[in-house]
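*Asks:* Before I ask anything, here is the structure I am working with.
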Amino acid sequence: MTDKLAQPFTQAKTAEMADRMAQEDVQGRSPWTDARRRFMANKAAMTSVLVLLLVFIFSIFGHSLSVFDIETIDWDVLGNVKEAGRPSLENGHFFGFDENGRDLYNRVVQGSRISLAVGVVGALVAVIVGTVYGATAGFIGGRTDSIMMRLVDIFMSIPYMFVLILLLVVAGRSITMIFVGIGLTAWLDMSRIVRGQTLSIKNREFVEAAVAIGVPTWQIIFRHIVPNLLGVVVVYATLLVPQMILTESFISFLGLGVQEPLTSWGALISEGVKSMNYGTLWQLAFPLGFFVVTIFCFFFIGDGLRDALDPKDR
Amino acid sequence: MVAALLHGDKMFNFILRRIAVAIPTLIILLIASFWLMQTAPGGPFTSERPLPAQVLANIEAKYGLDQPIYKQLWDYVVGIVTQFDFGPSYKYKDRSVNDIIAQGFPVTLTYGVISFVLAIIVGGILGMAAAIRQNSWLDYFAVGVTIGAQVLPNFVMAPILILIFTLWLGWLPGGGWNGGQWENIIMPVIALSTSYMASIARLTRSSMLEVLRSNFIRTARAKGLPDRTIIFRHALKPALLPVISYLGPAFVGMVTGSFIIDAIFGTGGIGYFYVNSAFNRDYAVMMGLTILLGSMTILFNMVVDILYAWIDPKIRL
């Protein structure tokens, strides 16, 4: 039998095949390599990564391109922003002036910093707290699990936008309070998702094996459960960032968030809206553009990651 | 019979459990907002020119602020439960929180309900049409719109609408309520409902696609039923199920979205008073509105959850 099958192959061909197989074996294809390949093939997601990178670079290094700052008022422009405050490359005010005669370019750079920081920090808190909380509840199970998750249920059904606003009014409006307020609620969804995943991983053989050889619970959670949750966590965290940015912008739009002279996308959009009637549309267009493009990018990247990391789900 | 009873019993347990979550949530909301207000810097009557001690004491006695805190909290709750009385505003002496609710609530309710219904109907129809004609231009249009609308929250939608329809075309008034004329309602409704419409369309599309691929639909096709009967008699109900679970978040979004709508369009709804009281540090109004809107949200979510469990016996009770 085997002889018959082997016959059509010449010695050279067999050697070549073996060679190729060996090579592929050396390269190895972990699930992460596969996922990366699928993600790279997704044009929308890859473009978004590139654009997002530019936005981040803009927010980090943007100030060094301009000689102006965020709070100096140009008294020659004030009162005549419509004519004298247009965006212009010649005088160095790339995005023009805002209604108070301040350089808009630097304000947008600074606003991007705060908005992106809120998004990233919020998602980070969600990832750390949510993962630990959810994995613990899911793995330990039983009464601990039901108490922990009931607590999450209760927190989740509190309409948190009210609590956030109350907090900001009582404790004083500041960027720190926004970080605290957003961090307080960001992890809830994550912990639910992680718990669900943990429940399905918990009964797999490798966990059983770990339990059988007497690995302590904490070590099982961090060494065996958490690494296997990473895919879901990464996808969800990417989708969480735009939500955080939206929340902060919402609050700052109402004027309850960051305080002058600091600003954020929401505050800038709000200023742009207020001055829309005066024909100074660039004051709305620039912050709105950055905001929309960034949110779009995060959504596309999140979608791409989901497709890449969880191909069954397509 | 036994199965039905079992299901009924489980259902009952589920409702009890759901209420068991809602009640502590309400209590936490109440205590948290009351406590936050108490710890807030500056009493309600501290002004730049300090009042004589006797006057201050009299005022505090009038509003019951000289009582111990637990007594205040208790009186407050009793007032709400027995007389629907949310207390006075400390900033405007001629106006109680109830007056503010009476003035702002009908406005918010009007555009809120219209937006809510519109989002469900238009979103549902769009999603189903896209699923039925999958990969047609209609489908691509629907998917494109839903992706676009997701990144256009109300505070982005509203200014764009004003820009187009008020400043450029001059068709609609840029704000005001005007007793609820349709010209004044149109833009707030679009701004408030678009992103929820998009989410509902996306939900309906994917669930409809899933239902259309399922076995019982294939059986219906094999029987030779016309498309219309298949869709309306068989596919519609299961396809709309996931939408029910989205009603809760959509409701919350509409309530908080009214802050923005009132701020941009000057419609004078409850959101306007809420944000204003936040600026004026009128704690009594903030607390009253938080408790009112918060408990509405909690109760609505509870009803939606129970409704969902009742309609769809498959979910884990």
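The values are calculated or read from the model by the stated rules, or taken from the named source; none is laboratory data. Treat the numbers as computed from the prediction; the structure is a model and nothing was measured. Note: ideal-geometry Cβ built from the backbone for every residue, glycine included; neighbour counts use all protein chains shown.
*Asks:* Looking only at the stretch B:159-177, decide whether some residue is under 25 Å from B:ALA201 (Cβ atoms), hydroxyl-bearing (Ser, Thr, Tyr), out of contact with any Cys (no Cβ under 8 Å at 6 or more places or on another chain) and free of Cβ contacts under 8 Å to residues at least 40 places away in the same chain.
*Replies:* No, the stretch B:159-177 contains no residue that is under 25 Å from B:ALA201 (Cβ atoms), hydroxyl-bearing (Ser, Thr, Tyr), out of contact with any Cys (no Cβ under 8 Å at 6 or more places or on another chain) and free of Cβ contacts under 8 Å to residues at least 40 places away in the same chain.
*Asks:* Further, regarding this structure: Residues of the stretch A:142-176 being closer than 25 Å to A:TRP265 by Cα and more than 12 Å from chain B (Cβ to nearest Cβ), which ones?
*Replies:* Within the stretch A:142-176, A:SER174, A:ILE175, A:THR176 qualify.
*Asks:* From (1) over 14 Å from the mean Cα position of the chain (by Cα); (2) surrounded by fewer than 17 Cβ atoms within 10 Å (Cβ to Cβ); (3) away from chain A (no Cβ under 14 Å); (4) not polar (S, T, N, Q), pick out the condition that doesn't hold for B:GLY148.
*Replies:* Status for B:GLY148: all satisfied but (3).
*Asks:* Can you find a residue in the stretch A:165-172 that is among the small types (Gly, Ala, Ser), within 24 Å of the chain's Cα centre (by Cα), modelled with pLDDT under 85 and closer than 30 Å to B:ASN280 by Cα?
*Replies:* The answer is no, given that none of the residues of the stretch A:165-172 is among the small types (Gly, Ala, Ser), within 24 Å of the chain's Cα centre (by Cα), modelled with pLDDT under 85 and closer than 30 Å to B:ASN280 by Cα.
*Asks:* Something else: May I ask you to verify whether B:PRO153 is surrounded by 18 or more Cβ atoms within 10 Å (Cβ to Cβ), of a type outside the set (Phe, Trp, Tyr) and in contact with a Phe, Trp or Tyr (Cβ under 6 Å, 6 or more places away or on another chain)?
*Replies:* no
*Asks:* Scan the stretch A:211-240 and report the pairs whose first residue is within 15 Å of A:GLN197 (Cα to Cα) and whose second residue is charged (D, E, K, R), with Cβ atoms within less than 6 Å and a gap of 6+ or a chain change.
*Replies:* A:VAL235/A:ARG306
*Asks:* Where in the stretch B:200-317 are there helices (runs of 4 or more DSSP H), lying wholly inside it, with at least 1 residues that are farther than 25 Å from A:ILE269 by Cβ and more than 24 Å from the chain's Cα centre (by Cα)?
*Replies:* Fully inside the stretch B:200-317 and qualifying: B:215-222, B:236-265.
*Asks:* Considering (1) modelled with pLDDT of 85 or more; (2) at the interface with chain B (Cβ under 10 Å from one of its Cβ atoms); (3) surrounded by fewer than 19 Cβ atoms within 10 Å (Cβ to Cβ), say which one A:GLY255 fails and leave the rest.
*Replies:* (1)
*Asks:* Give the residue that is nearest to B:PRO106 (Cα to Cα), with candidates limited to residues of the stretch B:263-283 that are touching a residue at least 24 places away in the same chain (Cβ under 8 Å), of a type outside the set (Val, Ile, Thr) and more than 10 Å from chain A (Cβ to nearest Cβ).
*Replies:* Per the stated criteria, the residue is B:GLY269.
*Asks:* Follow-up. Take the residues of the stretch B:151-174 that are of a type in the set (A, V, I, L, M) and facing chain A (nearest Cβ under 9 Å): which is farthest from B:ASP262 (Cα to Cα)?
*Replies:* The qualifying residue farthest from B:ASP262 (Cα to Cα) is B:VAL151.
*Asks:* A further question follows. Going residue by residue through the stretch A:90-105, is there one that turns out to be in a helix (DSSP H, G or I), buried (at least 18 other Cβ atoms within 10 Å of the Cβ) and touching a His at 6+ places or on another chain (Cβ under 9 Å)?
*Replies:* Within the stretch A:90-105 (the criterion being in a helix (DSSP H, G or I), buried (at least 18 other Cβ atoms within 10 Å of the Cβ) and touching a His at 6+ places or on another chain (Cβ under 9 Å)), the answer is yes, since at least one residue qualifies.
*Asks:* Hey, among A:PHE39, A:PHE68, which residue is among the aromatic types (Phe, Trp, Tyr) and under 21 Å from A:PHE290 (Cα atoms)?
*Replies:* So the residue among A:PHE39, A:PHE68 that is among the aromatic types (Phe, Trp, Tyr) and under 21 Å from A:PHE290 (Cα atoms) is A:PHE68.
*Asks:* Right, something else. Are there any pairs, at least 6 apart or on different chains, whose C-beta atoms fall under 8 Å, with the first in the stretch B:12-35 and within 11 Å of another protein chain (Cβ to nearest Cβ) and touching a residue at least 60 places away in the same chain (Cβ under 8 Å) and the second surrounded by 14 or more Cβ atoms within 10 Å (Cβ to Cβ) and not in a helix (DSSP H, G or I), and if so, which?
*Replies:* B:THR25/A:ILE158; B:LEU29/A:ILE158; B:LEU29/A:PRO159
*Asks:* Also: Scan the stretch A:276-287 and tell me whether some residue there is assigned to a loop (DSSP other than H, G, I, E, B) and within 11 Å of chain B (Cβ to nearest Cβ).
*Replies:* Yes, the stretch A:276-287 contains at least one residue that is assigned to a loop (DSSP other than H, G, I, E, B) and within 11 Å of chain B (Cβ to nearest Cβ).
*Asks:* While we're here: Only residues that are surrounded by 23 or more Cβ atoms within 10 Å (Cβ to Cβ), of a type in the set (A, V, I, L, M) and closer than 12 Å to A:LEU240 by Cβ: list them for the stretch A:106-134, please.
*Replies:* Correct list: A:VAL118, A:ALA123, A:ALA126.
*Asks:* Does B:ASN280 satisfy the criteria of being among the polar types (S, T, N, Q) and in contact with a Lys or Arg (Cβ under 6 Å, 6 or more places away or on another chain)?
*Replies:* So B:ASN280 fits the description; yes.
Table: residues versus (1) crowded, with 21+ Cβ neighbours inside 10 Å; (2) at pLDDT below 85; (3) among the hydroxyl-bearing types (Ser, Thr, Tyr); (4) closer than 28 Å to B:ILE147 by Cβ.
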residue: A:PHE222; (1), (2), (3), (4): no, no, no, no
residue: A:VAL241; (1), (2), (3), (4): yes, no, no, yes
residue: A:GLU248; (1), (2), (3), (4): yes, no, no, yes
residue: A:LEU268; (1), (2), (3), (4): yes, no, no, yes
residue: A:GLN283; (1), (2), (3), (4): yes, yes, no, yes
residue: A:VAL293; (1), (2), (3), (4): no, no, no, yes
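*Asks:* Still on this model: I'd like the full set of residues that are within 11 Å of another protein chain (Cβ to nearest Cβ) and either crowded, with 22+ Cβ neighbours inside 10 Å or touching a residue at least 40 places away in the same chain (Cβ under 8 Å) (or both), limited to the stretch B:245-255.
*Replies:* B:GLY248, B:PHE251, B:VAL252, B:GLY253, B:VAL255
*Asks:* Residues in the stretch A:180-193: is at least one among the basic types (Lys, Arg) and either more than 10 Å from chain B (Cβ to nearest Cβ) or buried (at least 21 other Cβ atoms within 10 Å of the Cβ) (or both)?
*Replies:* yes
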